[in-house]
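Since the structure comes first, as structure tokens, the remarks are kept for the end.
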């Protein structure tokens, strides 16, 4: 960051200081902007030669991971452009793209990324002039900003994760180290449900002699149910257990839940990932008392958050501490935010505990493990960690419930819940959407409104 | 290693003036996978194409990158050339060096550098090109027309005359739609029923039209060429095969005071009956809501009166499935009722009527036998005030559009009134008069000049009853907004045309788009005005937006010709640039996890659910599958897929990432270094 544009960049050829030529990658929709760019040519307009255009059928096809990839590959700026709202050849691709851009920009902003390097524009097939003007303006602006050193440095510093500095030990085992005692009411209710055949399995917590905190347990017989314990505030999110295909063969399933699991289950319900009719909930109040056996709708009703919690800027499921942390972070200048997150991601060892603990992360094969194409480096190094956390957070936009299981599971103590909170706030502020608030509402990224408001698209 | 040939076109001087084409070819030779690279003056010329064909055969190329003009210009040309040499056409890439490089840059060095990078990205992309074959879609040569108004009748008749079988679905008991309700039609003043009813009969008796009256579209599945449509035949409680339409039943029906829907509530009807005497089919329907037999089980007079025993009180709705290859939506419109205008005498005064009600008053088959009489007391009105634009062109009421037909029909109404009652005073309150169309303005001039209809440019504010008459309060907008009060015996509102109340529901069933007002959307308002974005579905008439009869008929014929054009081919060939879901042999099967985010974003409902089972038939998992017949290749599903288990042919993730990587490569090694 202290480096000035005059200094040769680390990846530039060593043949002396060549003048800086901004590298601008543009993703263009075939029907409008690509045709508009052709029109600029047939009209013999001239514009800066720095743009490298990639044609796609529709802005709806533009995955934000492409944008990330372009930066990782050395772009100084990225432009995404397509048909004006309402003109999409495929009716609504640009509306969906717009929703993603709004969320993605907010994510980049949270990370302290320089938003001036990511432009979005509606340019029609008739707007050759606008295309030429947009490229010229963007190139000039990138010229003034200089090469994207932060990203290049990130890519040049391989393997910072091995640096010992600042990596905390594994978070201490459950602080309240009293023995995990079985919960008799729960055990009785579970035994009865198993006996009567109302459920075929009850998934809950039980004492673990080695962990010093409760561990996951499946009870399939009334006898096994006797070991079930009450969940603690620090326990993970049991909704994750439903990702097990083996468990899914044992429907109907009984699940020991707290408020956080209920929100996560609602998200799964919303996405069509579970049939609430095949789920029986053994519900605990936030205070730890056993509320009884009920279905998801009843549990939602019982644990509905007090309406006073619903402040416009605070996404409901997130704790005030996390939101305060986000506010504190967002008050810092972008460069400091970038430095903060670099420090965070440098500690990541890519163990994927965050992914494995999350009830919303449920792909059969994660993007991080695909190598055709290799979306981002699989190593736990600068670009690999950076890309992983961006993609993970974006994939959870509108789906993260703020349960904090990822953060609790992280052995490196990354503040992952703050990223989740940033996306949840973005969803709330721009689209009035709260994950798990309404089981009937379409999921955030499956939906759009023709008048989704933004102020950054040119 | 891929064997890719790069061909750089000079395009005469068009590219060569600013780009060093030989230099680009030389630089291309260094790129990984490139087996040959040449430049040529005009690649699109015959010798140019021969050069490409020869290289494909001689060098044994597995892919071709043509660096020339925009792919929108000659992609097809070069793909055909590749195909002629035995290469799959989809292995041919076009790098745009003209429109997006040589024509827009002046510095030769910079332009050449950019050209090399563009070619490099396309070479990288070309290495991941897959040979694709067009999607072949079988074709069911039958059409469905939804809606039996004039649009549907015209489209059905035109299609049937073209030799194709048509299923014509009409939800009311009879064909005819709104046109059957009209008295005379502008600008010729010919009787609406006189010109329509022969067409109705023709459609009802045509050998290739299957009329499903009193039926509704329940569900639509499939895609262009292969739709499966479930049609709900609503219970008529009359066996149409036995019924002869003799009328004995409705003469016996004791419920004689029901308001006639066909007469817009101005006339009477019975609980069993046909909507109007010329109905097609001429078979009655029992109105279950008002039938005494259904309410108390103590009537059955129609059943006793029926000479052929056609009355069947136990009849149930019946679902039939039809296979069709194309669908024409001709579902028409509604007009706003007067209850939408509380400022006009609370919206329920009998002497404030809508234009459609006036049509019934003016119609010889109407409740007054064609005499203009006030609904309240049957008197002939001495002054009739017509209020135009009632509900149209009112952005404040959420309808910014012009209903288009009201200026003309109001002029017609005023004329008809004057013709039927010579001393009458017709006064029209209008915002503007819009009479574009053949013979339309002449018609309006006749109304004002020969028949003395008084037009006042004004905005109407209120209508209230006063001493047995009505007072219309309006502001004269021509002369400074002066307030006027006009006394009238009858007020006729030219109420707005609005979409059918269930238009959106049907659009969702059909998978077609609609605008913010609820009118169905065409692909392009000028160049593709009758096609929907979903292939194989066409639009006719006012379901797309306000239209008069000539436009409706013209569009219906256009839709019919589109259907016939579609059916002219033996089978449908579609571009293979469609999405596909990852599949692999066991134990992976597919990396699709079955979250169906793709299904939620697909605008064409092209995502299906596929169950993967083991040999014993146990379900392993449910994954997405793309119906290539429905997919239009937008790729929205690919961006929505978090696992990247779905990909778009021609624009695969690998191709795009490879192109991005190629751009980075040039970042490290600028062309000058070579």
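The numbers here are math on the coordinates, done by the rules we state, and not lab data. Nothing here was measured: the structure is a model prediction, and the numbers come from that model. In this analysis, Cβ positions are derived from the backbone assuming ideal geometry, glycine residues included, and neighbour counts consider all displayed protein chains.
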Percent RCO, i.e. relative contact order, over region B:209-249, from Cα pairs under 8 Å lying at least 6 residues apart: 33
Counting only C-alpha contacts under 8 Å and six or more residues apart, can you give the relative contact order of chain B as a whole percent? 13
What percentage of all Cα-Cα pairs in region A:385-439 are separated by more than 17 Å? 34
Just round it to a whole percent: the fraction of Cα-Cα distances in chain B exceeding 48 Å. 37
With Rh as the Kirkwood radius over Cα pairs, region A:64-112 has Rg/Rh of 1.03
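Can you figure out the FRET efficiency of residue B:611 with residue A:339, using R₀ = 51 Å and their beta-carbon distance, to the nearest 0.05?
Approximately 0.50, to the nearest 0.05.
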Whether region B:363-479 is rounded, prolate or oblate, judged on the alpha carbon gyration tensor where a/c under 1.5 counts as rounded: oblate
Inter-label distance, nm, simple model (7 Å from Cα along the C-beta direction), residue B:320/residue A:429: 5.9
Computed over region A:195-258, the Cα gyration tensor eigenvalues, each multiplied by 5 and square-rooted, give semi-axes in Å (largest first) of 20, 14, 10
Where the Cα pairs of region B:225-369 fall when distances are cut into 5 Å bins, in %: 2, 8, 14, 15, 16, 14, 13, 11, 6, 2, 0
By how many degrees, 0 to 90 and rounded to 10, does the Cα axis of helix A:128-145 deviate from the longest principal axis of chain A? 80
For peptide B:93-101, what's the mean number of Cβ atoms from other chains within 10 Å of each residue's Cβ? 4
Ordered by packing density, taken as the mean number of other Cβ atoms within 10 Å over each peptide's residues, highest first, how do A:447-454, A:378-385, B:419-426 rank? A:378-385, B:419-426, A:447-454
Would you give the gap between the C-alpha center of region A:363-431 and the C-alpha center of region B:464-485, rounded to a whole Å? 67
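Ranking B:174, B:102 by Cβ neighbours within 10 Å, fewest first, what do you get?
On the way: B:174 24, B:102 27.
Final ranking by Cβ density, sparse to dense: B:174, B:102.
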How much of the pair distance distribution for region B:579-649 lies past 14 Å, counting alpha-carbon pairs only, in percent? 54
Extent along principal axes [Cα atoms of region B:531-674; Å; largest to smallest]: 65, 62, 31
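At 0.36 nm per residue, and after removing the present C-alpha to C-alpha distance, how many nm does the segment from residue B:376 to residue B:221 gain when stretched out fully?
50.8 nm is the gain from fully extending residue B:376 to residue B:221.
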With all pairs of different alpha carbon atoms counted, what Kirkwood hydrodynamic radius in Å does region A:175-306 show? 14.6
Projected-area mean, the protein assembly as shown, by convex hull of Cα positions, square nanometres: 54.9
Roughly how far apart, in whole Å, are the Cα centres of region B:30-53 and region B:235-276? 77
Please order A:375, A:338 by the number of other Cβ within 10 Å, starting at the fewest. A:338, A:375
For region B:4-148, evaluate the Debye formula with one uniform point scatterer on each Cα (no solvent term) and list log10 I(q)/I(0) at q = 0.22 Å⁻¹, rounded to two decimals. -1.37
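Calculate the mean, over all residues of peptide B:63-73, of how many other protein chain Cβ atoms lie within 10 angstrom of the residue's Cβ.
Values: counts 0, 0, 0, 0, 0, 0, 3, 8, 4, 6, 2.
Per residue, the average neighbour count from other chains is 2.
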Average beta carbon contacts from partner chains per residue of B:647-654, 10 Å cutoff: 3
Work out, in µm²/s and without decimals, the Stokes-Einstein translational diffusion coefficient of chain A at 37 °C, 0.692 mPa s, Rh from Kirkwood over C-alpha pairs. 136
Quick one: plug the Kirkwood hydrodynamic radius of region B:68-183 (C-alpha pairs) into Stokes-Einstein at 4 °C, 1.567 mPa s, and report D in µm²/s. 67
The residues B:304, B:644, sorted from fewest to most surrounding Cβ atoms within 10 Å, come out as B:304, B:644
Rounded to the nearest 10 degrees, the helix B:150-161 long axis (Cα) sits at an angle to the longest Cα principal axis of chain B of 60
Stokes-Einstein, Kirkwood over Cα pairs, region A:24-156, 20 °C, 1.002 mPa s; D in µm²/s equals 144
Any idea what the alpha-carbon Rg over 2.2 N^0.38 Å comes to for region A:308-446? 1.05
Go ahead and estimate [θ] at 222 nm for chain A from helices alone: -39,500 (n - 2.57) per DSSP H run with n ≥ 4, summed, over the residue count, rounded to 500. -11000 deg cm²/dmol
Round to the nearest 0.05 the FRET efficiency obtained for residue A:246 and residue B:230 when R0 = 25 Å and r is the Cβ-Cβ distance. 0.05
Report Rg (one decimal) and Dmax (nearest whole number) for region B:248-305, counting Cα atoms only, units Å. 11.1, 31
In whole percent, what relative contact order does region A:175-306 give with Cα contacts below 8 Å and a gap of six or more residues? 23
Where does chain B land at 222 nm, in deg cm²/dmol rounded to the nearest 500, when only DSSP H runs of n ≥ 4 count, each adding -39500 (n - 2.57), divided by all residues? -7500 deg cm²/dmol
